[in-house]
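Scroll down for the structure; my scribbles are underneath it.
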Amino acid sequence: MKKVLASVIAFGLPVLASAQSFDYFQRLLGQFKGLLNTLVVILISLAVVFFIWNVFKYIMAGDAVEKGKATTGMISGIVGLAVIVSIWGLVTLLKSVFGVGQGDQVQLNNLLPGQQ
């Protein structure tokens, strides 16, 4: 364990100390943010398609068992969509509360009461 810690410190600190690696980490975080934004759009799209597919299954169902399965699928689609959108809204609310704006930098004036 001590050897692993020593190697991380020996090789990790100089990399973290250079300005170029800081730019690298900023770009990496920007790419991760873009990936998460794309993932949210894909999840919302899948939830809507799942809901619509189950609506069609409900319309085309002949017996009560198939209609029951389609109804369960529609409810699952609505719940999934509501969860995704509410988490998305919660993240937006937290960004607003903590002052993270377009530049993704925290404004300390908003976090420290009584200081301007």
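The values are calculated or read from the model by the stated rules, or taken from the named source; none is laboratory data. These numbers come from a predicted model, not from an experiment. Note that each Cβ is placed from the backbone with ideal geometry, even for glycine, and that neighbours are counted across all protein chains shown.
Before moving on, here are some points about what is shown:
- Residues (of a type in the set (Phe, Trp, Tyr) and surrounded by 14 or more Cβ atoms within 10 Å (Cβ to Cβ)) located in region 29-69: 50, 51, 53, 58
- Residues considered: 104, 63. Of these, the only one that is of a type in the set (D, E, K, R) and modelled with pLDDT under 85 is 104.
- Region 73-90, residues that are over 16 Å from residue 54 (Cα atoms) and of a type in the set (Ser, Thr, Tyr): 86
- Some residue of region 74-88 being at pLDDT below 85 and assigned to a helix (DSSP H, G or I): yes
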